[in-house]
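*Asks:* Let me give you the structure first, and then I'll get to my questions.
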């Protein structure tokens, strides 16, 4: 019996050690920032550093950070580890909007408020929601696509819809907004695909199959973000499709802006990630300190702030992402893209 007790104790200790190894121990009042993946460049490039910088500006707080690498089970473990480490607020961008409700319930049981960041957790029980108007994102994408198709003058063509991950609540809202515009315009939708994990590789494989089926009838590709746009364009390039169909995107990733400069991608959607991350940090600190927070509106019963997205084509780059300091001309116009930048009027001395 003593041996059995010892083995059980050691097993529990080992499991606890493995769990808490996911997130380091908190040193002082702590906030957990749990982001969903590294395939979407924005999270490691902007969201995390801006959030951490803002928290540091506000006082002597600790940020416990973890990235789930698009694994809902891993995110669950990271959340449990953060709660065990004593965090007082969770800022959660869920891998799976429905599965993440388990995290919210566990946090609420310990009286730890949860801020739903960028993607809305399904099921309620949240303290706050910070995101963008995601239906509007889809409307901007589809409007740019429809306008470009009309300008090109291809009445017989249709579009492929490369939607986002089926586990991402935002993907449904992007699609909702896009369909609202596409259906009103009369543009034909040839086929649709929900891209697992927002994977560019899976988007590429699917688009390659559609090229075999529809060929030059593909006049445009509604790609829900810049990653899926990169996959779609890679498939079109590999198949030798010319001219390239009109392709949308989202997130204003650096590589997407370079594709826009060269004409491979028509547009992206710029979302001011710095204000989003800063607001989430501010709300987290207010909650940590026990102060009430109010949103600009209510979304599914949760106080929320939804920021405004902006469509970006080649003619808007200087006035949006460069003007805001999101990217610099030097970032975009590397030697490979210098000639295209010059032709597009993207240069340091531009007014």
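Rule-based calculations on the coordinates, nothing more; no lab input. Here the structure is a predicted model, which is why all the values come from computation and not from measurement. Cβ sites come from the backbone with ideal geometry, for glycine too, and all protein chains shown count toward neighbours.
*Asks:* In a solvent-free Debye calculation with one equal scatterer on each Cα, what is log10 I(q)/I(0) for the chain at q = 0.11, 0.14, 0.15 Å⁻¹, listed in the order of the q values?
*Replies:* Each listed q corresponds, in turn, to -0.76, -1.11, -1.22.
*Asks:* Find the Rg to Rh ratio for segment 257-337, where Rh is the Kirkwood radius over alpha-carbon pairs and Rg uses the same atoms.
*Replies:* Numbers: Rg = 17.2 Å, Rh = 15.1 Å.
Rg/Rh for segment 257-337 comes to 1.14.
*Asks:* On full extension of the chain, what length is gained from residue 74 through residue 109, given 0.36 nm per residue of separation minus the C-alpha to C-alpha distance?
*Replies:* Values: separation 35, 0.36 × 35 = 12.60 nm, distance 2.02 nm.
Fully extending the segment from residue 74 to residue 109 adds 10.6 nm.
*Asks:* Any idea how far apart residue 308 and residue 294 come out in nm if each label point goes 7 Å out from Cα toward Cβ?
*Replies:* 2.2 nm
*Asks:* Could you run the Debye sum over the Cα atoms of segment 178-283, one equal point scatterer each and no solvent, and tell me log10 of I(q)/I(0) at q = 0.17 Å⁻¹, two decimals?
*Replies:* Debye curve over Cα of segment 178-283, log10 I(q)/I(0) at q = 0.17 Å⁻¹: -0.80.
*Asks:* Note down the Stokes-Einstein diffusion coefficient of segment 77-172 in µm²/s, whole number, using a Kirkwood radius over alpha carbon pairs, 25 °C, and 0.890 mPa s. Walk me through the numbers before you get to the answer.
*Replies:* Details: Rh = 15.6 Å.
The estimated diffusion coefficient comes to 158 µm²/s.
*Asks:* For the chain, with a Gaussian network of springs between Cα atoms less than 10 Å apart, report the residue from 197, 93, 205 with the top mean-square fluctuation.
*Replies:* Sorting by GNM fluctuation, first place goes to 205.
*Asks:* Return the whole-Å distance between the Cα centroid of segment 275-351 and the Cα centroid of segment 223-258.
*Replies:* Each part's Cα centre sits 21 Å from the other's.
*Asks:* Quick check on the exposure proxy: order 318, 298 from fewest to most C-beta atoms within 10 angstrom. Spell out each step's value before the answer.
*Replies:* Values: 318 17, 298 11.
Listed from fewest to most nearby Cβ atoms, that is 298, 318.
*Asks:* With the Cα gyration tensor of segment 24-89 in hand, convert its eigenvalues to equivalent ellipsoid semi-axes via √(5λ) and list them largest first in whole Å.
*Replies:* Details: eigenvalues 77, 58, 7 Å².
Each semi-axis is √(5λ); the values are 20, 17, 6 Å.
*Asks:* Choose one answer from 288, 35, 120: the residue with the largest mean-square fluctuation in a GNM of the chain with alpha-carbon springs under 10 Å.
*Replies:* The residue with the greatest mean-square fluctuation here is 288.
*Asks:* If I stretch the segment between residue 156 and residue 84 completely, what's the gain in nm (0.36 nm per residue apart, minus their alpha carbon distance), one decimal? Walk me through the numbers on the way to the answer.
*Replies:* On the way: separation 72, 0.36 × 72 = 25.92 nm, distance 5.89 nm.
Result for the pair: 20.0 nm of gain on full extension.
*Asks:* What per residue convex hull volume, in Å³, comes out for segment 193-246 when only alpha-carbon positions are used?
*Replies:* Details: hull volume 3.6 nm³, N = 54.
Convex hull volume per residue, Cα atoms: 66 Å³.
*Asks:* Listing 31, 103 from the residue with the fewest other Cβ atoms within 10 Å to the one with the most, what is the order?
*Replies:* Details: 31 26, 103 23.
Fewest-to-most ranking of 31, 103: 103, 31.
*Asks:* Gain in length, residue 180 to residue 319, computed as 0.36 nm per residue apart minus the alpha-carbon separation, to one decimal in nm?
*Replies:* On the way: separation 139, 0.36 × 139 = 50.04 nm, distance 2.76 nm.
47.3 nm is the gain from fully extending residue 180 to residue 319.
*Asks:* So for the chain: antiparallel DSSP bridges make up what percent, rounded to the nearest 5? List each step's numbers first, then the result.
*Replies:* Working: 6 of 39 bridges.
In the chain, approximately 15 percent of DSSP beta bridges are antiparallel ones.
*Asks:* How do 63, 114 line up, fewest other C-beta atoms within 10 Å first? Mind dumping the intermediate values first?
*Replies:* Numbers: 63 20, 114 28.
Listing 63, 114 from fewest to most nearby Cβ atoms yields 63, 114.
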